[in-house]
Amino acid sequence: MTSRIRFARTRIKFKRFKKRFFGFLIPKNPKLSAIQQETFAIIKTLIAHPEALLLYSPNSSIYHIEYENIFVRFNNMHCYVVNSKYSYYIELPTHVAYELAGMFRRKIEKKSNEVLAIYESKMLDNLKTISSSLIKTP
C-alpha cells in the first residue's frame with residue numbers, strides 16, 4: 001500500500017474520530033420555519049421545472065429564476081419571491097441557500113451538457129457532409 005493511500009485512510013479515520021467524540025460541539029443546522037420550508041419547496045420546484053429560466057450573476061452571486069409570473073431571486077442570505085401581486089423577502093439559513101445554489105448549478109450544468117450534445121451532433125453531421133463531398137470530388 002502506498003503512503004498516499006495510507007495518508008488518505010488516516011485522514012478519514014481522524015475525521016470519523018473527531019466527528020464521533022467532538023460532534024456535540026459542532027452546531028447543528030437550525031430548523032426551518034414554515035415560511036422557510038415553503039420557500040425552499042417553491043424554489044426547488046422552480047429549479048426542477050423544465051420551462052423555468054435560470055440565470056446566475058457571478059459578480060453579485062445572485063441566482064435568478066423566472067417562470068410565468070413568478071420571479072425568485074436568492075443568494076446565500078436571503079430570498080425574494082415575487083408574483084404578479086405580492087413580493088416577499090425571506091431570510092434563508094446559509095446551509096439551505098448553499099443547497100439551493102447546488103441544485104441550481106447542477107441544473108444549469110445539465111442544460112449546458114444537453115445543448116453541447118445537440119451542438120456536437122449537428123457539427124458531426126456537417127463534418128460528415130463535408131467529408132462525403134470531398135470523397136465524391138476527385
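The values are calculated or read from the model by the stated rules, or taken from the named source; none is laboratory data. On a predicted model such as this, the values are computed, not experimentally measured, just so you know. Every residue, glycine among them, receives a Cβ derived from its backbone with ideal geometry; neighbour counts consider all protein chains shown.
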For the stretch 115-138, which positions are over 30 Å from P50 (Cα atoms), of a type in the set (V, I, T) and part of a helix (DSSP H, G or I)? T129, I130, I135
Answer yes if at least one residue in the stretch 1-13 is part of a helix (DSSP H, G or I), of a type outside the set (K, R) and modelled with pLDDT of 90 or more, and no otherwise. no
Quick one: which residue in V81, V115 is among the β-branched types (V, I, T), within 28 Å of the chain's Cα centre (by Cα) and closer than 30 Å to S33 by Cβ? V81
Failed item, numbered, when A34 is tested on (1) more than 22 Å from the chain's Cα centre (by Cα); (2) modelled with pLDDT of 85 or more; (3) surrounded by 11 or more Cβ atoms within 10 Å (Cβ to Cβ); (4) of a type in the set (A, V, I, L, M): (3)
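Table: residues versus (1) at pLDDT 90 or above; (2) surrounded by 10 or more Cβ atoms within 10 Å (Cβ to Cβ).
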| position | (1), (2) |
| --- | --- |
| V81 | yes, yes |
| H95 | no, yes |
| L100 | yes, yes |
| M103 | yes, yes |
| E109 | yes, yes |
| S112 | yes, yes |
| L127 | yes, yes |
| K136 | no, no |
Flag for S60 being loosely packed, with under 12 Cβ neighbours inside 10 Å, at pLDDT below 90 and within 17 Å of the chain's Cα centre (by Cα): yes
